[in-house]
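In what follows, a single structure is set out as structure tokens and then discussed.
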Amino acid sequence: MADQIPLSMTVNGQTRRGLGEARLTLADFLREQAHCTGVHLGCEHGVCGSCTVLMDGEAVRSCLLFAVQADGAGITTVEGLAPDDETLHPVQEAFRDCHGLQCGFCTPGFVVSVAAFLEANPDPSDEEIRHGISGNLCRCTGYQGIVAATRQAAAVMKGSGQS
Amino acid sequence: MSQTAAAARYVGQSVKRLEDPRLVTGHGRYVDDIVLPGMLHAAFGRSDLARATITRLDTSAAEALDGVHAVYTGADLNSYNDSLRASLHPPESPAPPANMLADGDVRFVGDPYVMVVAQSRYIAEDALDLVEVEFEPLDPVVDYETAAESDHHVHPELGGNLAHDLPVPNPATDEAFANAAYTITETWHQHRQTNVPMETRGIVASWQPHAGVMEVWASTQSPHELQLVGARVLGIGEHKMVVHFGDVGGGFGQKMFLGREDMAVLVVAKLLGSPVKWIEDRRENLLASNHARIEQMTVKMAVGEDGSFLAADLDQLEDDGAYPLGGPATPGAMATMLYPGPYRMGPVSWRARTVYTNTCGRGAYRGPWQMESVAREQMIDRVAREIGMDPLELRRRNVLTPDDLPYQVSTGLLYETTISPKQTLEQAAEMIGYDEFRAEQAQAREEGRYLGLGMALYIEPTSMGMGPLGTESAMLRVEVDGHVNVFMGTGSHGQSLETTMAQLVADELGVRPEDVTLHQGHGSGYGFGTGGSRSAVIAGSAARAAASGVREKVVAIAAHLMEASADDLEVGDGVISVKGTPAASMTMAQVAATAYQNSDALPPGTEAGLEHTARYKAPPTTHSNACHICTCELDPGTGKITLLRYVVSEDCGVLINPMVVDGQIAGGVVQGIGGVLYEHAVYDASGNPLASTFLDYLVPTAAEVPELECGHVVVPSDTPGGHKGTGEGGAIGAPPAVFNAVADALAPFGAYPNRQPLDPNAVLSLIASASDE
């Protein structure tokens, strides 16, 4: 079997160490060695966005990165956004309020993407929202609730100075 | 409904979903999240040729790779194939050979011919590269229009490519055509699309020797279909087949039935004695799960001078592919039978055929027979254009009104009095501002801009009450602390049943929705699962009945304990109180504790415990209806279509959760938009699929879809809650509405589209060929 490379990264604030072949994807490392099963694989070719995570604050597709490329990096997955077990992040709250999800499979990627998008653009127009989330695919909602949720989250985060 | 039923407190409210906290935080549990000790991973080797003989297959190098546990070919697995059929599919009806793996020859690109089971998915895929295989290519059958006449047979065992041919002549149409002012004919084509659930298919199977138990986790819409068919394939009893139901990432029909791969995993898990996981990748999902909508209908309509529809003659042809998912079915027969839709149509004659081709098998996709609405609504716009009448006016002249109901359709359907096509037509026309748009459109054309409006009106048979589809059950138990567990045969995969069923139970039993947990899969009673727009009516009625049964007992016990009359009690939010005297009350928890732990205190003759099971049998059909209208702008320079507005007026009876209903409609509408404008699972003439990634198979994004406006007409159905099914409707109404809008925008060019997709190339070539004439 191929050589196992030691890996270490900070995932949702905790140091996670593991071993993997050079070809191990970041998505598979996060799912299988860091227990972040909220990282979902919808296409494994970088289009659907379900596997989106933040790497040192930037939204990336974890299916298109090898785990070794993230060695030493700080990773935030959807599991790392809510402040505690009883409270949702404003983006998560907005997705719930606005019915921005049905089956929930694409949702982690959308939530992470929208959080990053609002970080970069705290006061987006509707057109900017639609463009900003067009890198993620959802097959259930027709995007109606997702656009509305992004609007709500923008307003809430702006109001609370979170963004 | 019991006499003491509470007033609707939660039904009708947009209650926030109980599913969401876990799903928005990444704590859902989908099949790929299941990890078992010693679990192995399966991968399938698939044909790159549409039709070929396997001349050599050597798996020795693959077997020798470190980490590989086993390699299987058709010869190893296909002896289990006697039982490989869906429970909707009668055993005596003709079907392709029911093999899990191709054996001797391959019949479409994606046909699995070898299966590797290894320590990891990475190693399993490495091993597939080491499988040595040689093929002798054969001429494939790709074009379904000529498949029936081809000398090449997709399934040599069947002796031909015609799967079904159902002619239903009706001599009464002859007279109508003879007397018609207009006879108009067109062939309407849909094109190959696929469901694309964001979670692909997947299954984990774990065999327990000596116990004889197969334990399964799967991405399924129908845990009981998996239990029933899986047990049959394995030769075990259903009591030994344990199907766990977790979160399921969409299906749209694709996960109603077991695929060949699912069955292979079940068999292999038993042969190996180790748990086996298979997670389909996206390429497999796009090429080898199921395709749909590969069909055409030739429609001949007889129309009177005043625009009245006098008769129709229909000829439907559909591509079943090689291995239709769930077995060969006859949606074409449904499509033709349903063609009259919401109109007085006169006599109808029809013929419906399906053929096999060397392509991915057909499967159910949200509104599997929506060709009836596609062909009819596109035909009505064509008729309007031919006879020079406004398409809304033509529909108004023919639409069924409340005075027409109940209505016996010439094709055998019976519409109940609770449909409302006329009302939804008028509501949608008002929402879009029909006359104002026509004025704006005329003005725009003077300015060289091309706007279009399309509408589609339909009636959908939902919640069908026959055969395996006919019933659902609910086993409801109030636990000792007063919280409620309800076990149901559904398979919610986005439909929000954990919330909507809890709303129904909450009102009927008198608790809060958050006090109710829905359990699906293992432990529930038989049901066909979630699909066919059936859960609200059929499962919902079972949930109501189960809750009602428990409520009667709760009230009887509370009356006894409080020394009050049962008639004087009311129940709400987990508190049983004397009407008008809220201080005199006790909690559900107190009643439950008495029922289980102090049963000597129960009224004499009362059985201990607080549980009830109910099974609901649905009427043959509960029809819902809707009208979709959308507007678009066509750019004649690029051929690009931009949707401007999209309105839906629908009647799904009593809404359990309006937010959820609007969400179901929106999802279906956008699938319809994608189907007409973007998505195409296209093959070349050699049977090579050209859309194997999301860069080629274009699912709509947020940037392509307009804001949806929903209106509701509420005519309660005669079923217990007054609901009607609504899951599929969006995907039924949207394709013809979008198509008609584009056709309307193309009308000034003299172009007559009759096929999809209407992508920019198609639009430009329609304009070009019209101007050549």
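Readers should treat all values here as calculations from the given coordinates under stated rules, not as data from a laboratory. Note that the coordinates shown come from a computational prediction; the quantities given were computed from them, not determined experimentally. With ideal geometry, Cβ positions are generated from the backbone for all residues, glycine too; neighbour counts draw on all protein chains shown.
Counting every other Cβ atom within 10 Å of each residue's Cβ, B:V374, B:V15 order from fewest to most as B:V15, B:V374. Modelled this way, with points 7 Å down the Cα-to-C-beta line, the labels at B:M466 and B:T55 are 5.0 nm from one another. The trypsin sites (Lys or Arg not before Pro) of segment B:500-594 that meet both conditions, a loop assignment by DSSP and at most 16 other Cβ atoms within 10 Å of the site Cβ, are B:K579. Taking label points 7 Å from Cα along the Cα-to-Cβ direction, B:R22 and B:I184 give a separation of 5.3 nm. Structural descriptor for chain A: relative contact order 23 percent, calculated from alpha carbon pairs under 8 angstrom and at least 6 residues apart. Taking other C-beta atoms within 10 Å as the exposure proxy, B:D600, B:D165 rank B:D600, B:D165 from fewest upward. Among the GluC sites (Glu not before Pro) found in segment B:392-501, those both in a DSSP coil and sparsely packed, with 12 or fewer other Cβ atoms within 10 Å of their Cβ, are B:E447. Extension gain for the segment B:R445 to B:D174, taken as residue separation times 0.36 nm less the Cα-Cα distance, is 93.4 nm to one decimal. Applying 1/(1 + (r/R0)^6) with R0 = 60 Å to the Cβ-Cβ distance of B:A211 and B:E709 gives a FRET efficiency near 0.60. Only aspartates and glutamates eight or more places from B:K300 in sequence, or on another chain, were considered; those with a Cα closer than 17 Å are B:D174, B:E175, B:E186, B:D313, B:D315, B:E372, B:E377, B:D381, B:E386.
Applying 1/(1 + (r/R0)^6) with r as the Cβ-Cβ distance of B:A584 and B:L405 and R0 = 51 angstrom yields a FRET efficiency of 0.60. Within chain A, the selection of entire DSSP H helices by a Cα span of 15 Å or greater along the long axis and an average Kyte-Doolittle value of at least 0.0 returns A:107-120, A:144-159. Placing dummy labels 7 Å off each Cα toward the beta-carbon, the span from A:E119 to B:Y596 is 4.6 nm. When the Cα atoms of chain B are aligned to their principal axes, the ranges along those axes come out at 89, 72, 49 Å in descending order. Given R0 = 35 Å, the distance between the Cβ atoms of A:E128 and B:A768 translates into a calculated FRET efficiency of 0.45. Could you list, in their original order, any pairs among B:K16/B:K579; B:K240/B:K277; B:K16/B:K724; B:K16/B:K422; B:K240/B:K270; B:K553/B:K579 whose Cα atoms are separated by more than 23 Å? Violating the 23 Å limit, Cα to Cα: B:K16/B:K579; B:K16/B:K422. Here is the list for segment A:2-93: trypsin sites (Lys or Arg not before Pro) lying in DSSP coil, each with at most 16 other C-beta atoms within 10 angstrom of its C-beta, are A:R23.
So how far, in whole Å, is the C-alpha centre of segment B:38-109 from the one of segment B:536-566? Result: 51 Å between the Cα centres.
For B:A584, the amide hydrogen comes within under 5 Å of the amide hydrogens of B:V578, counting only partners 5 or more places away or on other chains and with H modelled in the peptide plane.
Against the compact-protein benchmark of 2.2 N^0.38 Å, the Cα-based radius of gyration of the protein assembly as shown scales to 0.95.
For chain B, the membrane-span-like helices by this rule, meaning whole DSSP H stretches whose C-alpha atoms cover at least 30 Å of axis and whose Kyte-Doolittle mean is -1.0 or above, are B:540-562; this says nothing about an actual membrane. Our summary of shape: the Cα atoms of segment A:90-159 have principal axis extents of 29, 21, 17 Å, ordered from largest down, in whole angstrom. A P(r) calculated from all alpha carbon pairs of segment B:466-617, with 5 Å bins opening at zero, reads 2, 11, 20, 21, 17, 12, 9, 6, 3, 0, 0 percent.
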